[in-house]
Amino acid sequence: MTSGPTEGPDLSPEEAFVVLGNETRLKILQVLGDHGGVMSFTALRNAVGIRQGGQFNYHLDKLVGHFVAKTEAGYSLRIPGQRIVEAVLSGTVTMDPKLDLTELEFTCRICGHPISVSYQLERLELYCSGCAGQYKREEKGRESVLDTSDGWLGGYQLSPAGAVDRNPIELLYASSLRSHLANVARSNGLCPACDGRVERVVTVCEDHSAQDGLCDVCQRRHAVQVTISCTQCPDELDGMAVNVLVADLGLRRFVADQGIDPLTEGFRWGWDYEEQIHSTDPLEASFIFEINGETIAVTVNESLDVVDMEVDPP
Ligand SMILES: [Zn+2]
Ligand SMILES: [Zn+2]
Ligand SMILES: [Zn+2]
């Protein structure tokens, strides 16, 4: 086996915050980010607007290594520096947009009632007043930000920059697209936030009963749930098995055959499906999706690997 890259010197999170806790250094990162390529020392210093070479040099030196690359051609951002600039520019640090609960002309796949969305704390939350939704909010470990008795369909992360200049339906499209693309990455072992490796844990409710809404035992509509956590950063997905199935080519082909883009229109097909648990230890379950009167039954094992697939009509 070929060995991978070796590790360079570490910079602890505490040290990173100390390095970044300075206006001039953040300005240097932002100028390099705006420029988008390699800058000479003089061009960079002029753009940052510092006349004293020594002082500028001191701050630049602190960034060179982990945040800024120095080559013969000049200075450019490394990925960690890029991420700092993105965090600031995407408004994560500076903006706090909000949207009150708003009903959309978009129906719930469980009950056919129009759904409502709200946006705050970097999340678009989806609710339905016609059914119990997918999860009991408290059980997901996230504090409910809204006082509503509507069923909760889940939420999508979206940075404040993503909430600017978008109407509520556009917010749903944008956040769901972002979420589905991130789930394709996670399902293939790649953290969408930092590129690290991810770990997958599949759980199944052994006494599941959710005929009329949520199960009394697990407080969820679906018994099979998955958590995918990054081994390097706090990125984590916690939700229904469909979040992993979105990466399966056979299922994607079926959805595409129905005229729906399985990745960019995930909210049009992935919210609800019938679940059949054949065995809980080890797990074997089938998920049945119906689109336009055609169905696909996807059978998975305990790792959510697809072991069988049946389309009807064939
Ligand atoms: Zn509903
Ligand atoms: Zn249950
Ligand atoms: Zn990560």
In this structure, is Ser179 among the hydroxyl-bearing types (Ser, Thr, Tyr) and within 25 Å of Ala163 (Cα to Cα)?
yes
Could you please find all residues in region 290-313 being outside any loop (DSSP other than H, G, I, E, B) and more than 28 Å from the chain's Cα centre (by Cα)?
Glu294, Glu310, Val311, Asp312
Of all residues being in a strand (DSSP E or B) and more than 16 Å from ligand 1 (Cβ to nearest atom) in region 149-184, which is nearest to Trp269 (Cα to Cα)? Just the residue, please.
Tyr156
Please give the number of the condition Ile296 fails out of (1) surrounded by fewer than 17 Cβ atoms within 10 Å (Cβ to Cβ); (2) at pLDDT 95 or above.
(1)
Members of region 190-232 found to be closer than 30 Å to Cys131 by Cβ and of a type in the set (Ser, Thr, Tyr), listed by number:
Thr203, Ser209, Thr227, Ser229
Out of all the residues in region 158-190, which are within 19 Å of Ile260 (Cα to Cα) and surrounded by fewer than 18 Cβ atoms within 10 Å (Cβ to Cβ)?
Ile169, Glu170, Tyr173, Ala174, Arg178, Leu181
Quick one: Pro13 ticks every box in (1) touching a residue at least 12 places away in the same chain (Cβ under 8 Å); (2) within 21 Å of Val88 (Cα to Cα) bar one, so which box is it?
(1)
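So if I check each of Ala161, Ala193, which one is within 25 Å of Cys230 (Cβ to Cβ), touching a residue at least 60 places away in the same chain (Cβ under 8 Å) and outside the structural domain of Pro262 (by TED's automatic domain parsing)?
Of the residues listed, the single one that is within 25 Å of Cys230 (Cβ to Cβ), touching a residue at least 60 places away in the same chain (Cβ under 8 Å) and outside the structural domain of Pro262 (by TED's automatic domain parsing) is Ala161.
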State the number of residues belonging to region 203-235 that are assigned to a strand (DSSP E or B) and under 18 Å from the mean Cα position of the chain (by Cα).
6
Just one of (1) assigned to a helix (DSSP H, G or I); (2) surrounded by 14 or more Cβ atoms within 10 Å (Cβ to Cβ); (3) of a type outside the set (A, V, I, L, M) trips up Thr42, so point out which.
(2)
Out of everything in region 185-200 that is in a loop (DSSP other than H, G, I, E, B) and more than 20 Å from Ala87 (Cβ to Cβ), what residue ends up being farthest from ligand 3 (Cβ to nearest atom)?
Asn188
Members of region 118-133 found to be within 16 Å of ligand 1 (Cβ to nearest atom) and either surrounded by fewer than 17 Cβ atoms within 10 Å (Cβ to Cβ) or aromatic (Phe, Trp, Tyr) (or both), listed by number
Tyr127, Gly130
I'd like the full set of residues that are more than 21 Å from the chain's Cα centre (by Cα) and either basic (Lys, Arg) or part of a loop (DSSP other than H, G, I, E, B) (or both), limited to region 236-259.
Arg253, Gln258, Gly259
Scan (1) more than 23 Å from Ile79 (Cα to Cα); (2) at pLDDT below 95; (3) away from ligand 1 (no atom under 16 Å from the Cβ); (4) surrounded by 15 or more Cβ atoms within 10 Å (Cβ to Cβ) for the single condition Ala193 breaks and write down its number.
(1)
Among the residues of region 224-247, which ones are over 17 Å from Leu181 (Cβ atoms), within 16 Å of ligand 3 (Cβ to nearest atom) and either among the charged types (D, E, K, R) or modelled with pLDDT of 95 or more (or both)?
Thr227, Ser229, Thr231, Asp238
Any residue in region 153-166 that is among the hydroxyl-bearing types (Ser, Thr, Tyr) and either away from ligand 2 (no atom under 16 Å from the Cβ) or modelled with pLDDT of 95 or more (or both)?
yes
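The values are calculated or read from the model by the stated rules, or taken from the named source; none is laboratory data. Please read these numbers as outputs of a predicted model, since none were measured by experiment. Every residue, glycine among them, receives a Cβ derived from its backbone with ideal geometry; neighbour counts consider all protein chains shown.
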